[in-house]
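Values quoted throughout were computed directly from the atomic coordinates according to the rules given, and no laboratory measurement underlies them. Quick caveat, the model's predicted, so the values are computed rather than measured. Positions of Cβ are generated from backbone atoms using ideal geometry, with glycine treated the same way; all protein chains shown enter the neighbour counts.
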Amino acid sequence: MKRIIYCSQATYDFSPEELVELLEVSRRNNEAAGLSGMLLYSSQSFLQVLEGDPAALAATYARIAVDDRHVNLRLLQEAEVPAPLFPDWTMGFEDVDDETLAEELVGFTPATEYPLVNPDLITNAGVAVTLLKLYGRNRIR
Ligand code: FAD
């Protein structure tokens, strides 16, 4: 199986409703394509890992890459991997900035406790994987 990790900048500040819509479409498509992954959103930045069959992954990333809701996509990792990081999630998700969630959800980790998902700070795939795992512990399914 193959893994890609990329970060990008949203072209506008997504509302919770817009994020939910994005997630619903992603989860539907990813389930059909047998892909799993995780998406972080913070300060108008995205960090996403997607894993699965190489052809399905390439087709999905090609769609994502031309989506005008984000720009400056930076591919941090594209590699054959033995096992997925998040096998059970068609698209795990964290809105790292959401203070309301921090208050409501037991176990939710507010952004202040971990580094922000700032593309400028994500210098390599190792940093990206660490962040994804960190936030993935408290994900919204
Ligand atoms: P459709 O059913 O044709 O449309 C899906 C819905 O998305 C529509 O209701 C429409 O309202 C909305 N939409 C599409 N484009 C725009 C736009 N430019 N502006 C506003 N609304 C829009 N897709 C995946 O399949 N898997 C992923 O993991 C995934 N991750 C993404 C991560 C990010 C950060 C972004 C920005 C997009 C991601 N997408 C993902 C979405 C992807 O870019 C395509 O929009 C989607 O795959 C199209 O699927 P579809 O043909 O079934 O969509």
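Quick rundown of the values:
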quantity	calculated
Count of region 23-37 residues which are over 11 Å from the mean Cα position of the chain (by Cα) and either farther than 13 Å from A56 by Cα or more than 8 Å from the ligand (Cβ to nearest atom) (or both)	7
Enumeration of residues in region 61-90 that are without any contact (Cβ under 8 Å) to a residue 60 or more places away in the chain, within 10 Å of the ligand (Cβ to nearest atom) and either under 24 Å from T130 (Cβ atoms) or among the basic types (K, R) (or both)	Y61, R63, I64, R69
Lone unmet requirement of (1) out of contact with any Phe, Trp or Tyr (no Cβ under 7 Å at 6 or more places or on another chain); (2) more than 10 Å from the ligand (Cβ to nearest atom); (3) closer than 18 Å to L132 by Cα for S45	(2)
